[in-house]
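A short write-up of the structure that comes next.
The values are calculated or read from the model by the stated rules, or taken from the named source; none is laboratory data. All values reported here derive from a predicted model rather than from experimental measurement. Cβ: placed from backbone, ideal geometry, glycine included. Neighbour counts: every protein chain shown. Heads up: the accessible areas ignore ligands, DNA and RNA and are worked out on the full protein's heavy atoms, side chains in. Shrake-Rupley method; radii C 1.70, N 1.55, O 1.52, S 1.80 Å.
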Amino acid sequence: MDHITLPSSRDAAAARTFKLTPHESVTVREVRSDHLTVEVVYSPGGRPPPAHFHPAQDEHFEILAGRLHVVLDGQKKELGPGATCDVPRGTPHRMWNAGSDPVRAVWVTTPPKRTLEWFMALDGLQRTGRVGRDGMPGLLAFGVYLTAYRDVFCLAGPQWLLRPALAGLAVIGRLRGYQPPASRVLISVREE
C-alpha cells in the first residue's frame, strides 16, 4: 500500500487541492479514519452532473458562500449560505452552480473509504489533459474509472444495465491507456 503525506501549510495548499471537473475543485481540510472533510468550490457556469449515489457513504454539505443547486432523491432545492444538506448513502443526487458567483461549501464524507483516491484519479485526468473539449472525461475514461471506483461512486439508474455497459467501456478504455491508480493510496495530513 502506498502512503502519501499531504502537508498542511498554506504554501502547500495546491498539493491538497484536486480539480474534479472544469467547475468543481476540492481542498482537503481533514482526513480521518471515520470521515474526510474538504472545502469544495463550484465555479460559475457549471452544468448539472449526472445523477449519482454513494453505496456505503453519507455526505454532509454546509454552504459557506454562493447558491448551490441540488437535486436530492428527485427533489430540487437551492441552498444559500448557512444552509446544510445531508445525502444518505444510496440516495441519487446532483449538485452544481448555475449562478454567476462561486459557491463554497464544507463537504464531509463518512466514512471516507477511497473517496480521496477517487478525487486524485479525477484530478490526474484533468492535469494530464485526458479530457474532452468540455473538460470532462470521455466515455472510455468514465468506463474505466467508474468501474474501478464503484465502491464510492455509482451512476444512478438500473445497475443491471449500467454495470455491464461500463465494464465493456472499461475494457476498451484500458486498451486506450486509461489506468486508475493500481493500488489503494493511504493519505494523511502532516502538521508542520
Can you tell me how many residues in the range 45-55 are open to solvent by 30 Å² or more (accessible area, probe 1.4 Å) and at pLDDT 95 or above? 3
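Within the range 64-87, can you find the residues that are touching a His at 6+ places or on another chain (Cβ under 6 Å) and open to solvent by less than 60 Å² (accessible area, probe 1.4 Å)?
Residues of the range 64-87 touching a His at 6+ places or on another chain (Cβ under 6 Å): 72, 78, 86-87.
Matches in the range 64-87: Leu72, Val87.
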Looking at Asp101, Asp151, Asp123 in this structure, which one is under 26 Å from Leu79 (Cβ atoms) and open to solvent by 20 Å² or more (accessible area, probe 1.4 Å)? Asp101
Among the numbered criteria (1) open to solvent by 90 Å² or more (accessible area, probe 1.4 Å); (2) within 24 Å of Met95 (Cβ to Cβ); (3) modelled with pLDDT under 90; (4) not charged (D, E, K, R), which single criterion is violated by Leu139? (3)
Is it true that some residue in the range 159-168 is over 16 Å from Phe61 (Cβ atoms), touching a helix residue (DSSP H, G or I) at 6+ places or on another chain (Cβ under 9 Å) and either outside any helix (DSSP H, G or I) or open to solvent by 60 Å² or more (accessible area, probe 1.4 Å) (or both)? yes
Give the residue that is least open to solvent (accessible area, probe 1.4 Å), with candidates limited to residues of the range 104-120 that are closer than 14 Å to Leu64 by Cβ and either within 14 Å of the chain's Cα centre (by Cα) or not basic (Lys, Arg) (or both). Ala105
Conditions (1) under 15 Å from the mean Cα position of the chain (by Cα); (2) open to solvent by 10 Å² or more (accessible area, probe 1.4 Å): number failed by Phe61: (2)
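Taking strands (runs of 3 or more DSSP E) that do not extend beyond the range 27-124, which have at least 1 residues that are within 22 Å of Gly135 (Cα to Cα) and in contact (Cβ under 8 Å) with a residue 60 or more places away in the chain? Show your work before the answer.
Values: elements: 36-42, 58-65, 68-72, 75-79, 84-87, 93-96, 103-110.
Of the strands (runs of 3 or more DSSP E) lying wholly inside the range 27-124, those with at least 1 residues that are within 22 Å of Gly135 (Cα to Cα) and in contact (Cβ under 8 Å) with a residue 60 or more places away in the chain span 36-42, 93-96, 103-110.
Residue check: is Ser183 surrounded by fewer than 16 Cβ atoms within 10 Å (Cβ to Cβ), assigned to a strand (DSSP E or B) and either at pLDDT below 90 or among the β-branched types (Val, Ile, Thr) (or both)?
On the way: surrounded by fewer than 16 Cβ atoms within 10 Å (Cβ to Cβ): yes; assigned to a strand (DSSP E or B): no; either at pLDDT below 90 or among the β-branched types (Val, Ile, Thr) (or both): yes.
Taking the combined requirement at face value, the residue does not satisfy it.
Output the residues belonging to the range 25-43 that are open to solvent by less than 50 Å² (accessible area, probe 1.4 Å) and out of contact with any strand residue (DSSP E or B) (no Cβ under 7 Å at 6 or more places or on another chain).
Within the range 25-43, the first condition is being open to solvent by less than 50 Å² (accessible area, probe 1.4 Å), and the residues that meet it are 25-28, 31, 35-43.
Matches in the range 25-43: Ser43 only.
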